[in-house]
Amino acid sequence: MNSDSQHEDPRFGGMTDTDFGVSLDEPAMYSVIIHNDHYTAMEFVVEVLMMVFQKAAAEATKIMLDVHRCGQGVCGLYTYDIAVTKVSRVHAMAKRRGFPLKCSFEKV
């Protein structure tokens, strides 16, 4: 018995997974970005960063200050589905609280 026979799958005529030439690429990553506006409370932005992005208070405050000073702040890097979900959660929270906070994502 050769070492490859341990990995052979009878469903595929004894071929191994390496015989198919399958290569798995890392998924594309997306930056999630919060944008500054003149109406959303800074405290709410910190709350969003802590609740949606699981940031510690100090890191959330730093990102909020980036948003305030630079016009936007990066909340994190995520795969596509997670980035879309986080943007949706931010918009839903902002809408419930009456803030026009804008959040977006872009491919890295």
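Odds and ends about this structure:
- Sole exception among (1) assigned to a loop (DSSP other than H, G, I, E, B); (2) of a type outside the set (Phe, Trp, Tyr); (3) at pLDDT below 95; (4) surrounded by 13 or more Cβ atoms within 10 Å (Cβ to Cβ) for ASP19, by number: (1)
- Pair list, Cβ < 6 Å and 6+ apart or interchain, from region 27-53 residues that are closer than 25 Å to THR79 by Cβ to residues that are part of a loop (DSSP other than H, G, I, E, B): MET29/VAL108; SER31/VAL108; LEU49/LYS55
- When residues of region 22-39 are limited to those that are more than 18 Å from ARG89 (Cβ to Cβ) and hydroxyl-bearing (Ser, Thr, Tyr), the one surrounded by the fewest Cβ atoms within 10 Å (Cβ to Cβ): SER23
- Filtering region 54-75 to residues that are more than 20 Å from HIS38 (Cβ to Cβ) and more than 17 Å from the chain's Cα centre (by Cα) leaves ALA57, ALA58, LYS62.
- Residues of region 68-82 that are touching an Asp or Glu at 6+ places or on another chain (Cβ under 9 Å) and closer than 19 Å to PHE99 by Cβ: GLN72, GLY73.
- Inside region 40-80, residues that are outside any loop (DSSP other than H, G, I, E, B), β-branched (Val, Ile, Thr) and buried (at least 18 other Cβ atoms within 10 Å of the Cβ) make up a count of 6.
- Residue in region 90-100 that is assigned to a loop (DSSP other than H, G, I, E, B), surrounded by 15 or more Cβ atoms within 10 Å (Cβ to Cβ) and at pLDDT 95 or above present: yes
The values are calculated or read from the model by the stated rules, or taken from the named source; none is laboratory data. None of the values given here were measured: they were computed from a predicted structure. We place every Cβ from the backbone using ideal geometry, glycine too, and count neighbours over all the protein chains shown.
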